[in-house]
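Read the structure below first, then the notes.
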């Protein structure tokens, strides 16, 4: 999961997003690093509204990474379902003074994701390896702390596995 906060006086909000580049009119703040992480093995994250409060009983998880590749525990390595990521960031008042638009952009989340800022749903996405973003200009706590929560689901189905075919051949010269 890759996450950036993007600030811009003007940002095109198209589905074919390019990687945000810092410039005179755009500040890019990376949220890469260590995030709070909690796997939802009891399926209680949504009903207990984990997105509206600080995660409890969490572990540290580097972002970007695949949580299935990090642990030595086979139970988490082989886990399929909802997991939760959370971290905070500071938003300077200069962002508000300069009338900038603020976006949270995720480089990819496999396969489904919901993103909240301060408990308010910013965006949802389905699609594995594609970037997506949500505007948070009206939600950001300028001059203070902001908590971003991401719920991600890696469940595979006939709709989430890339479609294709496997060709078996008896040609041993390949």
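Those residues that are at pLDDT 95 or above, surrounded by 12 or more Cβ atoms within 10 Å (Cβ to Cβ), out of contact with any strand residue (DSSP E or B) (no Cβ under 6 Å at 6 or more places or on another chain) and part of a loop (DSSP other than H, G, I, E, B), I need them from the range 50-65; list them, please.
Residue satisfying the conditions is 53 alone.
Just to be sure before I move on: is residue 146 out of contact with any helix residue (DSSP H, G or I) (no Cβ under 8 Å at 6 or more places or on another chain), surrounded by 13 or more Cβ atoms within 10 Å (Cβ to Cβ), touching a residue at least 60 places away in the same chain (Cβ under 8 Å) and on the phi < 0 side of the Ramachandran plot in the structure I sent?
Values: out of contact with any helix residue (DSSP H, G or I) (no Cβ under 8 Å at 6 or more places or on another chain): yes; surrounded by 13 or more Cβ atoms within 10 Å (Cβ to Cβ): yes; touching a residue at least 60 places away in the same chain (Cβ under 8 Å): no; on the phi < 0 side of the Ramachandran plot: yes.
It is false that residue 146 is out of contact with any helix residue (DSSP H, G or I) (no Cβ under 8 Å at 6 or more places or on another chain), surrounded by 13 or more Cβ atoms within 10 Å (Cβ to Cβ), touching a residue at least 60 places away in the same chain (Cβ under 8 Å) and on the phi < 0 side of the Ramachandran plot.
Hey, does the range 105-117 have a residue that's surrounded by fewer than 17 Cβ atoms within 10 Å (Cβ to Cβ), within 14 Å of the chain's Cα centre (by Cα), assigned to a strand (DSSP E or B) and modelled with pLDDT of 95 or more?
Scanning the range 105-117, I find no residue that is surrounded by fewer than 17 Cβ atoms within 10 Å (Cβ to Cβ), within 14 Å of the chain's Cα centre (by Cα), assigned to a strand (DSSP E or B) and modelled with pLDDT of 95 or more, so the answer is no.
Which of the following residues is surrounded by fewer than 19 Cβ atoms within 10 Å (Cβ to Cβ) and touching a strand residue (DSSP E or B) at 6+ places or on another chain (Cβ under 6 Å): 153, 99, 68?
Values: 99 fails: touching a strand residue (DSSP E or B) at 6+ places or on another chain (Cβ under 6 Å); 68 fails: touching a strand residue (DSSP E or B) at 6+ places or on another chain (Cβ under 6 Å).
It is 153.
Name the pairs whose Cβ atoms lie under 6 Å apart, with the first residue in the range 47-71 and without any contact (Cβ under 8 Å) to a residue 24 or more places away in the chain, the second part of a helix (DSSP H, G or I), and 6 or more positions between them or separate chains?
Close Cβ pairs satisfying both conditions: 71/77.
The values are calculated or read from the model by the stated rules, or taken from the named source; none is laboratory data. Just so you know, these numbers come straight off a predicted model, no measurement behind them. Cβ atoms come from the backbone with ideal geometry, glycine included; neighbour counts cover every protein chain shown.
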